[in-house]
Amino acid sequence: MNKNKKNSVLIIDDEKSNIIALTNILNTDYAVYAIRDSREAIEAAEKDKPDVILLDILMPEMDGYAVIEGLKNSEKTRDIPVIFITGLDSSESEEKGLALGAADYITKPFRTSVVKLRVQNQIKLIERLRQQTLMTKISQNFLSDTHIEILSTDTLRMVGEFMDIAQLLLYMNDTESNRLICQNEWINPKLNLETRIGGKFDLSEPMLNVINGLLASGNSSIHSNDPTYKEVMKPYRKNFHNYITTPIFIKGALFAVLDFSREDDGREWNKSEINLAELVSSVFAGVFKRNAIEHDLNVVLKLKADLITAKERAEHLSRAKSEFLARMSHEMRTPMNGIIGIMELIKLGNIPEDMSGYIKIIEKASNDLLHLINDVLDISSMEYGVLKLTNSVFNTEAMFKEIIETTCYNASKKQQTVKSKLDPTIPVSLKGDEKRLKQVITNLLANAIKFTPDEGEIYFESRVINIDNETVTLQFNVTDNGIGIAKEQQDKLFLIFEQIDGGLSREHGGIGLGLALSKRIVEMMDGKIWVESDINKGAAFNFTCKLRITD
């Protein structure tokens, strides 16, 4: 295995031709090695800890399902993403693999672009999660009572080792002399370089122009990828000409500079490395801002990280969190399904009367939590771009019957009346994603029940608005006489995790996922969704979608 390459891929496959093909596709970008005997695969993965594993399903001795079970049961390998290699064309095999923890699938025959993209996606996910872990640890460090200089030194070391660079220097701006003075450093011990602490640089006019340009444009760094800065930065480059430099501004003035240097090996900085450098700089900026507020911008010691930094970091890493939530949701669904199954078995037995009420509470809470987990999984899939629709033939009459019966049952708990009007010209047999269509309708009806007072009225209507060759466009309307929504609040309704009023959130529950999911699903069905409402005058949620007409 080539240790000079940053990321590694382990191929577990008994067929030599598959190993050769995949190695030829991946070895220009990754360190690739292979195991043909599946019985040795888990030990090899525990020893070398690859970043991604490509695992064949059909193998002698141990098949891919047995291998992935072993990998997920090992503390050393459970977090390594596994991509199944398969020639099977079966949704059952795919579902089984995903249930066991597979991250993705690559089908035979191999297509170079697909293989590279699927491995690349997993590598990017790993790097984001590692960055998130690093940034979380750095933020936690700055929240401790340890001396600021020690915290800075430790932070520079963690970042330098993580990025595998040559040195990371922290310069402070001495405004009186107009100089940058190196106050703290991390130097890769393998390079045996002299300390840079105390080193001084005069801020030349060209450099000040570059810094002021960054402040005006809102950019966070300059780097050696851009030849524009080559001449300006030349006087400041003593050992290395491969750099990322991130100025830190406090109240619109240059306060400090972080300088990331790598050996001059011809490589350019990638987007992830530049982003990480800017994030680290933002953490230090938070620390300095906090210190400036408490000690009039002159004291640099006994400090705590600015809590705003956590928000900034969360925004930068929101996609990584979505991916993490997707994994967690998969893991959480299994025990929840088990709990719900056990509750069904308990209900079949002789339950004492004083226990039946508790059983119902547990059952309702479990179903509510499973619904929430499913919503979070859908949101994560949507954010990650993998939320897909399926196409199958379904019976509209049966679908409407199930939806209305469920809605009437739920509404009866609040003595609400449910009325419906179904267009008789809607084709009985349509082709599309019945599950997702039901999800949207059910979400809207559930919201109507939630936000309509006891003994209120809910109205559901479906109708055909256009038929074009083999496609029908349907419109659905859910109307209630509930609390209504102010005009200025309606734009927030379809945003993830948004609710229009904190008081309503506490009173009615929920975290604001249903409508955001519904909007995405409707748009994927070539439709649109909107609301018409006024305060205390109820609300009308409407959406359209296109479905295929079958014979």
Problem set entry | Paramagnetic label zone (point 7 Å from Cα along Cα-to-C-beta, GLU149; backbone N under 13 Å) in the range 156-194 | 183-185
Seminar exercise, completed: Calc'd 3J(HN,Hα), the range 142-159, phi into Karplus 6.51 cos²θ - 1.76 cosθ + 1.60 (θ = phi - 60°), Hz, glycine/Pro = x, comes to 6, 8, 7, 8, 5, 4, 4, 5, 5, 4, 5, 4, 5, 5, 4, 5, 4, 5
Problem set entry | Rounded to whole Hz, the Karplus (6.51, -1.76, 1.60) HN-Hα couplings of the range 176-184, x for glycine and proline | 5, 9, 6, 10, 9, 10, 6, 9, 8
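In the structure displayed, which of LYS289/LYS487; LYS116/LYS492; LYS124/LYS190 lie more than 30 Å apart, Cα to Cα?
On the way: LYS289/LYS487 39 Å; LYS116/LYS492 38 Å; LYS124/LYS190 28 Å.
Checking Cα-Cα distances, LYS289/LYS487; LYS116/LYS492 exceed 30 Å.
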Exercise. By how many nm would the segment from THR390 to ILE342 grow when fully extended, if each residue of separation counts as 0.36 nm and the alpha-carbon distance is taken off?
Worked result: 14.2 nm
For this session: Multiply the residue gap between GLN140 and LYS435 by 0.36 nm, knock off their C-alpha separation, and tell me the result in nm, one decimal place.
Result: 101.9 nm
For this session: Please work out the FRET efficiency for the pair GLU231 and THR28, using the Cβ-Cβ distance as r and a Förster radius of 30 Å; give the result to the nearest 0.05.
Result: 0.35
Seminar exercise, completed: Counting sequence-distant residues (5 or more places) and residues on other chains, those with an amide H built under 5 Å from that of ILE485 are ASP534, ILE535, ASN536, LYS537
Exercise. Along the Cα-to-C-beta direction of LYS16, a point sits 7 Å from the Cα; which residues of the range 37-73 have their amide N less than 17 Å from that point?
Worked result: 37-38, 60
Exercise. Say each of SER356 and LEU98 gets a label point 7 Å from the Cα, pointing the same way as Cα to Cβ; how far apart are those two points in nm?
Worked result: 3.9
Exercise. Can you give the extra length, in nm with one decimal, that the chain gains between MET524 and HIS241 once fully stretched, where that is 0.36 nm per residue apart less the Cα-Cα distance?
Worked result: 97.1 nm
For this session: For PHE249, list long-range residues whose amide hydrogen, built 1.01 Å from N in the peptide plane, is under 5 Å from its own amide hydrogen.
Result: PHE255
Seminar exercise, completed: Under the Karplus relation with 6.51, -1.76 and 1.60 and θ = phi - 60°, whole-Hz ³J(HN,Hα) for the range 44-50, x at Gly and Pro, equal 5, 5, 5, 6, 9, 6, x
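What's the magnitude of the charge dipole for the range 38-152 around its Cα centre, counting Lys and Arg as +1 and Asp and Glu as -1 at the beta-carbon? Answer in Debye, nearest 20.
Details: 15 positive and 19 negative charges, 84 e Å.
So the dipole magnitude of the range 38-152 works out to roughly 400 debye.
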Problem set entry | 5 angstrom amide H check on GLY199, placed H, neighbours 5+ away | CYS182
Seminar exercise, completed: Given a Förster distance of 51 Å, the FRET efficiency implied by the Cβ-Cβ spacing of GLU397 and LYS116, rounded to the nearest 0.05, works out to 0.60
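Could you tell me the calculated FRET efficiency between ASN270 and THR550, based on Cβ-Cβ distance and R0 = 35 angstrom, to the nearest 0.05?
On the way: r = 49 Å, r/R0 = 1.39.
Approximately 0.10, to the nearest 0.05.
Read-outs throughout are calculated quantities, based only on the coordinates presented, and are distinct from any laboratory measurement. None of the values given here were measured: they were computed from a predicted structure. Neighbour counts run over all protein chains shown; Cβ positions are idealised from the backbone, glycine included.
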